[in-house]
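Colleague: Below you will find the structure I want to go over with you.
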Amino acid sequence: MSFGVVEGEAQPGAQGLTIAEIDSIPFQNVRFTGQRWAIADVRLLAPIFSSKVIGVGRNYADHAAEMGNEVPKEPLIFIKPSTSVIGPNDAVRIPPVTRQVEHEGELAVVIGASGARRVDRAGAAKAIFGYTVGNDVTARDLQRSDPQWTRAKGFDSFCPLGPWIETELDVSDLEVRCEVGRNPEEMEVRQLGRTKDMVFDVPSLVSYVSHVMTLLPGDVILTGTPAGVGPLVAGDTVSVSVQGIGELRNPVVSLD
């Protein structure tokens, strides 16, 4: 298991890409080992190790409205445990305690080597290492029944991340798309939004969270989901893509 740099121009299905191995974690000076593999010959894991994943609720007005909620006056944050993180093509596992699991496709922010503690907007921008794709899988029935969201958001496998981290990207206006289907060739578009419609933008979110808790290198902030959240059932495939980053695809299975 190692970190690497994605090289090449992607064709459909990420064909044409190679992975160049590096000899350390990606935050430090990148030194290549000389080993390279075609992307088809490697298994992509979640692209970073995180001490914590911070979610942001109701950060798109249309999603807040579809859930019958008002837009919050300041970011509404919660934590997903690191044990909820899985990578591309890993299975989202539905536990028997819930009967309503839903997808939430999101842009995810990865914190860099400096971390962030009580930073302003400028400091927040400097603290960002890059961006990846996230899926804030949620047991909606438990979210409604519990007084807080830890159980609904925190099951193992409820935080797919990937396929990699894009380190040079303007995220002010990107398409966020989520598709679900039983057949990978026949996927239904469920969510289609743009990051420009966030209530709180990325620097605001990083700054706000850093005034609550210290953000460590590798920590992830999920920036909220646009309208269109919907059910996931065993046998589905869920695909989340963010313009300029790539596609995160996961099968859905039942633990029953």
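The values are calculated or read from the model by the stated rules, or taken from the named source; none is laboratory data. All figures in this text were calculated on a predicted structure; none of them were measured in a lab. Methodologically, a virtual Cβ is constructed for each residue, glycine included, from the backbone with ideal geometry; neighbour enumeration extends over all protein chains shown. Side chains included, ligands, DNA and RNA excluded: accessible areas come from the protein's heavy atoms. Shrake-Rupley method; radii C 1.70, N 1.55, O 1.52, S 1.80 Å.
Colleague: For the stretch 117-147, enumerate the residues that are in a loop (DSSP other than H, G, I, E, B), surrounded by fewer than 23 Cβ atoms within 10 Å (Cβ to Cβ) and touching a residue at least 12 places away in the same chain (Cβ under 8 Å).
Modeller: Of everything in the stretch 117-147, those that are in a loop (DSSP other than H, G, I, E, B), surrounded by fewer than 23 Cβ atoms within 10 Å (Cβ to Cβ) and touching a residue at least 12 places away in the same chain (Cβ under 8 Å) turn out to be 117, 118, 119, 120.
Colleague: May I pose another question? Of all strands (runs of 3 or more DSSP E) completely enclosed by the stretch 5-102, which ones contain at least 1 residues that are open to solvent by less than 20 Å² (accessible area, probe 1.4 Å) and closer than 23 Å to residue 180 by Cα?
Modeller: Those strands (runs of 3 or more DSSP E) span 53-57, 76-80, 92-94.
Colleague: Then there's this: For residue 170, state whether it is within 26 Å of residue 243 (Cα to Cα), out of contact with any strand residue (DSSP E or B) (no Cβ under 8 Å at 6 or more places or on another chain), surrounded by fewer than 21 Cβ atoms within 10 Å (Cβ to Cβ) and of a type in the set (Asp, Glu). Show your work before the answer.
Modeller: Details: within 26 Å of residue 243 (Cα to Cα): yes; out of contact with any strand residue (DSSP E or B) (no Cβ under 8 Å at 6 or more places or on another chain): yes; surrounded by fewer than 21 Cβ atoms within 10 Å (Cβ to Cβ): yes; of a type in the set (Asp, Glu): yes.
So residue 170 passes the test.
Colleague: Same structure, new question: Kindly list the number of the only condition in (1) under 18 Å from the mean Cα position of the chain (by Cα); (2) in a strand (DSSP E or B) that fails for residue 188.
Modeller: (1)
Colleague: Does residue 23 meet the test of being assigned by the TED database to the domain that holds residue 206 and of a type in the set (D, E, K, R)?
Modeller: Judged against the criteria, residue 23 is not a match.
Colleague: Okay, next question. Assigned by the TED database to the domain that holds residue 108, among the hydrophobic types (A, V, I, L, M, F, W, C), part of a loop (DSSP other than H, G, I, E, B) and over 26 Å from residue 112 (Cα atoms): does that describe residue 234?
Modeller: On the way: assigned by the TED database to the domain that holds residue 108: yes; among the hydrophobic types (A, V, I, L, M, F, W, C): yes; part of a loop (DSSP other than H, G, I, E, B): yes; over 26 Å from residue 112 (Cα atoms): yes.
Against the criterion (assigned by the TED database to the domain that holds residue 108, among the hydrophobic types (A, V, I, L, M, F, W, C), part of a loop (DSSP other than H, G, I, E, B) and over 26 Å from residue 112 (Cα atoms)), residue 234 qualifies.
Colleague: Here's a follow-up. Out of the residues in the stretch 181-212 that are hydrophobic (A, V, I, L, M, F, W, C) and either open to solvent by 10 Å² or more (accessible area, probe 1.4 Å) or touching a His at 6+ places or on another chain (Cβ under 9 Å) (or both), which is farthest from residue 252 (Cα to Cα)? Outline the logic, then answer.
Modeller: Step one: list which residues in the stretch 181-212 are hydrophobic (A, V, I, L, M, F, W, C), which gives 187, 189, 192, 198-200, 202, 205-206, 209, 212.
Next, only the ones that are either open to solvent by 10 Å² or more (accessible area, probe 1.4 Å) or touching a His at 6+ places or on another chain (Cβ under 9 Å) (or both) stay: 187, 189, 192, 198-200, 212.
Details: 187: 14, 189: 17, 192: 21, 198: 28, 199: 30, 200: 31, 212: 34 Å.
Top of the filtered list is 212.
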